[in-house]
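Asker: My questions all concern the structure below.
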Amino acid sequence: MSEIARLYRYKGLLSRRGAMSAAAIQAELEISPATFKRDIAKLRDQLHVPIVFDRDLGGYRMEQGHTDSELPGLWFSHDELLALLTIQQLLSQLEPTVLAATLKPIKGRLSELMGQHGLEQQDVAKRILILNTHKRTLAPRVFEVLAAATMARQRIQISHLNRQTSQTVEREVSPQRLVHYLGNWYLDAWCHLRGSLRSFSVDAIEQLSVLDTPATEVPSDKIDAEMSAGYGIFGGSNTQWAQLKFSPKRSQWVSREVWHPDQQSMTEADGSFVLSIPYSDDRELVGDILRFGPEVEVLAPPALKISVQKMLLAAIGRYV
């Protein structure tokens, strides 16, 4: 009997028979006292199964009022099961094509557990909905290989399309982390071709293969300093500060938004909201500024103001 199968039987024995002595459990499961002690310790400390010793009954039993459902090696209460199903629904809507195969093996078991608790999976699906706009499609196999290599700490060889230059570049990279940002996936990695940290759009990776070479490790604080210092997905340690002034009409919304962890802000006497954020590349920032049209003004720096002016003039040129 495997350990999982054996541990699985403890809950069934104690739930059906009330209290059982250590000797009775050992005889039923055909295990030694040493194995019994290890099992009880694991069930209590690692799996959080509420097994108690009842001195009055002279044996072990499940804690009174315990109504948990179970998965192999794990037991869930009604609320925990609902939380797990909610997370599953969030993940499946987040990236259904990529995670479908991974989630499929447990969905059947979860459905059974839901039935035991009077829950309907359809209710979870229709009560929690994530709408992803502007999400780019990607090949499930690419994501799975990237995720496996990232967790296994292996280098990968990729062919990556640079959309600005329309060139595909072959490079060897050491994956550090996968980032889901605004509906799309990015790979933060150490690029051995450039000798620096880079962020790669996963949907722009045309080919990849896992290498036998261990990945080069980059300290987390360095990754954060390089990749999270600027605005949005564009990393870089050479940052400037953008100062944006929003109209009183838009301030009630923008004042509640987090554009960057290090942002600074103030509300002026007329209700205008001034937001200061660091950035290292203005491409994404300019796009977000343009969304607000006449409700925002770039105060600084001059180069950012000029970039926005050029984009607005180019847009006007389409309509004259």
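Asker: If you check ALA83, ALA27, which single one turns out to be touching a strand residue (DSSP E or B) at 6+ places or on another chain (Cβ under 9 Å) and modelled with pLDDT of 70 or more?
Answerer: ALA83
Asker: Out of all the residues in the range 276-320, which are in a loop (DSSP other than H, G, I, E, B) and open to solvent by less than 50 Å² (accessible area, probe 1.4 Å)?
Answerer: From the range 276-320, those in a loop (DSSP other than H, G, I, E, B) are 280-281, 291-292, 301, 318-320; that's our starting set.
Of everything in the range 276-320, those that are in a loop (DSSP other than H, G, I, E, B) and open to solvent by less than 50 Å² (accessible area, probe 1.4 Å) turn out to be SER280, ASP281, PHE292, PRO301.
Asker: Within the range 163-184, is even one residue farther than 30 Å from PRO294 by Cβ, of a type outside the set (D, E, K, R) and in a loop (DSSP other than H, G, I, E, B)?
Answerer: The answer is yes; a qualifying residue exists.
Asker: Among the residues of the range 15-36 satisfying the criterion of being surrounded by 13 or more Cβ atoms within 10 Å (Cβ to Cβ) and without any contact (Cβ under 8 Å) to a residue 12 or more places away in the chain, which is nearest to the chain's Cα centre (by Cα)?
Answerer: For the range 15-36, the residue satisfying everything is THR35.
Asker: Could I ask something else about it? For the range 4-14, what are the residues that are open to solvent by 70 Å² or more (accessible area, probe 1.4 Å) and either modelled with pLDDT of 75 or more or within 22 Å of GLN64 (Cα to Cα) (or both)?
Answerer: TYR8, ARG9
Asker: Output the residues belonging to the range 242-258 that are over 30 Å from the mean Cα position of the chain (by Cα) and in a loop (DSSP other than H, G, I, E, B).
Answerer: Of everything in the range 242-258, just one residue is over 30 Å from the mean Cα position of the chain (by Cα) and in a loop (DSSP other than H, G, I, E, B), namely SER247.
Asker: Let me ask something else. Identify the single condition in (1) modelled with pLDDT under 90; (2) among the small types (Gly, Ala, Ser); (3) open to solvent by 30 Å² or more (accessible area, probe 1.4 Å) that GLY183 does not satisfy, given that it satisfies every other one.
Answerer: Looking at each condition in turn, GLY183 falls short on (3).
Asker: Regarding ALA215, is this residue within 25 Å of ILE156 (Cβ to Cβ) and at pLDDT below 90?
Answerer: Answer is no for this residue.
Asker: Here's something else I'd like to know. Among the residues of the range 11-56, write down those that are of a type in the set (Val, Ile, Thr) and in a helix (DSSP H, G or I).
Answerer: If the condition is that a residue be of a type in the set (Val, Ile, Thr) and in a helix (DSSP H, G or I), then ILE25, THR35, ILE40 are the ones that fit.
Asker: Inspect all residues belonging to the range 278-298 and state whether any of them is under 26 Å from HIS180 (Cα atoms), touching a Gly at 6+ places or on another chain (Cβ under 9 Å) and hydrophobic (A, V, I, L, M, F, W, C).
Answerer: Yes, because at least one residue in the range 278-298 is under 26 Å from HIS180 (Cα atoms), touching a Gly at 6+ places or on another chain (Cβ under 9 Å) and hydrophobic (A, V, I, L, M, F, W, C).
Asker: Restricting the range 186-210 to residues that are among the hydrophobic types (A, V, I, L, M, F, W, C), open to solvent by 40 Å² or more (accessible area, probe 1.4 Å) and farther than 14 Å from LEU138 by Cα, which is nearest to the chain's Cα centre (by Cα)?
Answerer: Ranking the candidates gives TRP190 first.
Asker: Can you give me the number of residues within the range 40-71 that are at pLDDT below 60 and either over 18 Å from TYR8 (Cβ atoms) or open to solvent by 90 Å² or more (accessible area, probe 1.4 Å) (or both)?
Answerer: Number satisfying all stated conditions: 1.
Asker: Test of understanding: among SER237, SER220, SER247, which residue is of a type outside the set (A, V, I, L, M, F, W, C) and over 30 Å from VAL169 (Cβ atoms)?
Answerer: Numbers: SER237 fails: over 30 Å from VAL169 (Cβ atoms); SER220 fails: over 30 Å from VAL169 (Cβ atoms).
Of the residues listed, the single one that is of a type outside the set (A, V, I, L, M, F, W, C) and over 30 Å from VAL169 (Cβ atoms) is SER247.
The values are calculated or read from the model by the stated rules, or taken from the named source; none is laboratory data. No experiment lies behind these values; they were computed from the predicted model shown. Note that we place each Cβ from the backbone using ideal geometry, even for glycine, and neighbour counts take in every protein chain shown. What goes into the accessible areas is simple: the full protein's heavy atoms, side chains included, and nothing from ligands, DNA or RNA. Shrake-Rupley method; radii C 1.70, N 1.55, O 1.52, S 1.80 Å.
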